[in-house]
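> The structure under discussion is supplied below as structure tokens; questions concerning it will follow.
The values are calculated or read from the model by the stated rules, or taken from the named source; none is laboratory data. Bear in mind that the values here come from a model prediction, so they are computed numbers and not experimental data. Glycine also receives a Cβ, built like all others from the backbone with ideal geometry; neighbour counts cover every protein chain displayed. Keep in mind that these areas ignore ligands, DNA and RNA; they rest on the heavy atoms of the full protein, side chains included. Shrake-Rupley method; radii C 1.70, N 1.55, O 1.52, S 1.80 Å.
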Amino acid sequence: MAKLISTSLSPNTEPDDAVRALGIIFSPWKWKKGSAVRELENKFGEKFGFKNAYAFNSGRSCLMAILSAARIGQGDEVIVQSFTCNAVINPILSAGARPVFVDIGSDLNMDAEKLEEKINEKTRAVIVQHTFGWPADAERIKAVCEKYKILVIEDCAHALGAKKNGKYCGSAGDAAFFSFGRDKVISSVYGGMLIINNPDLIPGVEAFYSKTGNPSGFWIFQQLFHPVIMEFLVLPLYNFLNLGKIFLALAMNFNLLSKSVTPQENEGNLPDYFPAKMPNGLAILTLKQLQKLERFNRHRQELASFYMEKIKGANLGFPFGERENLGAIYMRFPVLVENPKEIFKKMRENGIYLNDGWCDSPIVPAQTSLLKMCYENGSCLFAEETVKHIISLPTSIKVSAADAERIVYLLKSLIAVKI
Ligand SMILES: Cc1ncc(COP(=O)(O)O)c(C=O)c1O
């Protein structure tokens, strides 16, 4: 049985995380209440030098908090980049504001050159996404925003620990948020941290935080159960008679696990578990993962260097270039190929699951209604072309150097045949 290699199936969960989750499942008094949330908020501040940290159950809830604190709503516009996730757009829609899209540059981040033409008197904020852990030029965007007195919100969902000019992503904006989603930099299946740098936003965030409740006990159970079933049942049996896939499908069907994005979100509606505070049980998992951050990110950088070294000169596009960026944390290593569908298929036949959903649409997942997102087809041509060609190579701790070698070997052979 070939070893399972996957980009997004519980990439950060290790056996000790799953054991810890199992322990919390059997201590239900720890699910909602305890000291872990405060400890996590304090650690976040100490580790990265951030002040004013607020833990929520997702990046989505963090973004809702910022928009509420800034009183952004009906009649307002928020600028975002294309090649983003509907999880970024839905909080804007739920606030009653309109998302306005700017095309990306070759590094998959917002093309700062194209920002100013989208700003008008209704624009209230710009969300700066650091795609796949590659730091965007937030300072440059901030300079434009200062001119128009617009808020800068850094979307650091992919960029925990990434740096630009020696400063952590999240330090430049008026506010920033991080995600601890299942396939992010560190994971508690669902979770997020909001950072406020602009003191004017603090009263609004405090008010939002205090009126926001905990998610339900059942919702917390779903997240705690995820690392347990993935680590001990689904992943070990994934490629064995499809048993792992069957267990996963059953657990999903019986609602024992949550979805990362629900069908209703593809239609522009947020489920009722947003917004919510981070519950104590998930903060315990996040604290454990936070201790692993440096090891995880070092591994990601090493694999990215390996991919660069081994496939440079091949007939591929490199959105992040072929030279190492010491500030980037490479949550993924994207490449552009002629026919990604064929490569996904051939890789899958070899037990390698590369499709992480970041393809086929300028707003992922591909089932997202662009109409409901207020996205006009043809408005961000570079992103629309990129999503037809992108494949992201995995860099997570579960992918060993030997696995990366297998991926490169297969990729090169497929490209050689194709072109
Ligand atoms: C770029 C980006 N921003 C924000 C989010 C939202 O984070 P969360 O899943 O924690 O709500 C995600 C992931 O869903 C994302 O990929």
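> What is the set of long-range amide H partners of residue 353 at a cut-off below 5 Å, with H atoms built 1.01 Å from backbone N?
5, 6, 7
> Pop out the carbon and sulfur fraction of the accessible area of the stretch 333-376 as a percent, whole number, probe 1.4 Å.
The value for the stretch 333-376 is 49 percent carbon and sulfur by accessible area.
> Report the Cα-based extents of the stretch 28-211 along its three principal axes, largest first, to the nearest Å.
52, 34, 28
> Please report how far the C-alpha centroid of the stretch 275-329 lies from that of the stretch 109-159, rounded to the nearest whole angstrom.
Going from one Cα centre to the other spans 22 Å.
> Another one. Working out 0.36 nm times the residue gap between residue 338 and residue 377, then minus their Cα-Cα distance, what length gain in nm do you get to one decimal?
11.9 nm
> Tell me, what % of the accessible area of the stretch 28-211 is carbon and sulfur with a 1.4 angstrom probe?
47
> Take the Cβ-Cβ distance between residue 246 and residue 146 as r, set R0 to 60 Å, and report the resulting FRET efficiency rounded to the nearest 0.05.
About 0.65, to the nearest 0.05.
> Taking only protein heavy atoms into account and a 1.4 Å probe, give the accessible area per residue of the stretch 302-419 in Å².
Each residue of the stretch 302-419 exposes 46 Å² on average to a 1.4 Å probe.
> Rolling a 1.4 angstrom probe over the protein heavy atoms, how many square angstrom per residue are accessible across the stretch 28-211?
37
> On to the next question. For the chain, what does -39500 (n - 2.57) per DSSP helix run (n ≥ 4), summed and divided by total residues, give at 222 nm, in deg cm²/dmol to the nearest 500?
Using -39500 (n - 2.57) per qualifying helix, the result is -11500 deg cm²/dmol.
> State the antiparallel share, in %, of DSSP beta bridges confined to the chain, rounding to the nearest 5.
Of those bridges, close to 50 percent are antiparallel.
> Heavy atoms only, probe 1.4 Å: what % of the accessible area of the stretch 256-302 goes to carbon and sulfur, would you let me know?
47
> Would you mind working out the magnitude of the charge dipole of the chain relative to its Cα centre, with +1 at each Lys and Arg C-beta and -1 at each Asp and Glu C-beta, to the nearest 20 Debye?
980
> From the C-alpha coordinates alone, can you work out the Kirkwood hydrodynamic radius of the chain, in Å?
The answer is 21.6 Å.
> Give the Debye-formula value of log10 I(q)/I(0) at each listed q (0.15, 0.16, 0.26 Å⁻¹), with one equal scatterer per alpha carbon of the stretch 113-168, two decimals each.
Reported log10 I(q)/I(0), two decimals: -0.43, -0.49, -1.05.
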